[in-house]
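Some notes on the structure that comes next.
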Amino acid sequence: ISIDSTSIKVHQSANGGQKKENRAVGRSRGGLNTKIHTLVDALGNPLRFLLSPGNDHDAVHAVNLLKGMDHSGSMVLGDKAYGTKNIRDYILSMDASYVIRQSNAIELWPTDYDLYKERHLVECFFQKLKWCRRIFTRYDKLDKSFLAFVYLGAILLLLK
């Protein structure tokens, strides 16, 4: 299972109106952004999505993304953003193991860099998902509308 996120630029039309609920829109250097966090399996098929504001760190939402799924015996692949101690402890508590790249880590852990190369599947999935213009630029004001189009784009990729 590979875990990662990608940033989506928010169009100005998606930010209008009054804020009635928390929306997954955050301000970063490039303007307003939304992050799509996802899990993909060993074939690059999506398993789960989660939206967050673009200025949130990836590690904040990793445990919520991994919760509720049976990962026993699985290998979770992630980049250095997912190398925090609580994420690694949560993965081990699920009877799974992890291959998370490390750089400048105080506490070193073993990393299989040959297996880590399989993480490209999540990057390829995001690249294919961003072929859909409506997902590449967020035009929807509501999170549930945008997330519905993310699911629809993922379904179209699975049918190809």
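Among what's in segment 94-116 and is open to solvent by less than 100 Å² (accessible area, probe 1.4 Å) and not in a loop (DSSP other than H, G, I, E, B), pick the residue that is modelled with the lowest pLDDT. Can you show your working first?
At the first step, the residues of segment 94-116 found to be open to solvent by less than 100 Å² (accessible area, probe 1.4 Å) are 94, 96-100, 102-103, 105, 107, 109, 111-112, 115-116.
If we keep only those that are not in a loop (DSSP other than H, G, I, E, B) as well, we get 97-100, 115-116.
Numbers: S97: 89, Y98: 89, V99: 88, I100: 87, L115: 86, Y116: 83.
The residue in question is Y116.
In this structure, H120 does not satisfy being under 18 Å from the mean Cα position of the chain (by Cα), surrounded by 12 or more Cβ atoms within 10 Å (Cβ to Cβ) and part of a loop (DSSP other than H, G, I, E, B). Contact annotation: residue pairs with Cβ atoms under 9 Å, 6 or more positions apart or on different chains, pairing a residue in segment 1-18 that is among the basic types (K, R) with a partner that is modelled with pLDDT of 75 or more and surrounded by 15 or more Cβ atoms within 10 Å (Cβ to Cβ), are K9/L32; K9/N33; K9/T34; K9/G54; K9/R138. Checking each residue in segment 60-93 for being among the small types (G, A, S), closer than 17 Å to P46 by Cβ and surrounded by 12 or more Cβ atoms within 10 Å (Cβ to Cβ) picks out A62, S74, G78.
Here's a check for you: in segment 41-60, which residue that is more than 13 Å from Y151 (Cα to Cα) and touching a residue at least 40 places away in the same chain (Cβ under 8 Å) is nearest to the chain's Cα centre (by Cα)? Break it down stepwise before answering.
If we filter segment 41-60 for residues that are more than 13 Å from Y151 (Cα to Cα), which is where we start, we get 41-44, 52-60.
Adding the requirement that they be touching a residue at least 40 places away in the same chain (Cβ under 8 Å) leaves 41-44, 52, 54, 58.
Working: D41: 13, A42: 15, L43: 16, G44: 13, S52: 9, G54: 11, D58: 7 Å.
This residue is D58.
Being over 26 Å from V76 (Cα atoms), over 16 Å from the mean Cα position of the chain (by Cα) and surrounded by fewer than 16 Cβ atoms within 10 Å (Cβ to Cβ) is true of K144.
The values are calculated or read from the model by the stated rules, or taken from the named source; none is laboratory data. Please read all numbers here as calculations on a predicted model, not as lab measurements. Heads up, the Cβs are rebuilt from the backbone with ideal geometry, glycines too, and the neighbour counts pull from every protein chain shown. Note: accessible area is taken over every heavy atom of the protein model, side chains too, but ligands, DNA and RNA are not part of it. Shrake-Rupley method; radii C 1.70, N 1.55, O 1.52, S 1.80 Å.
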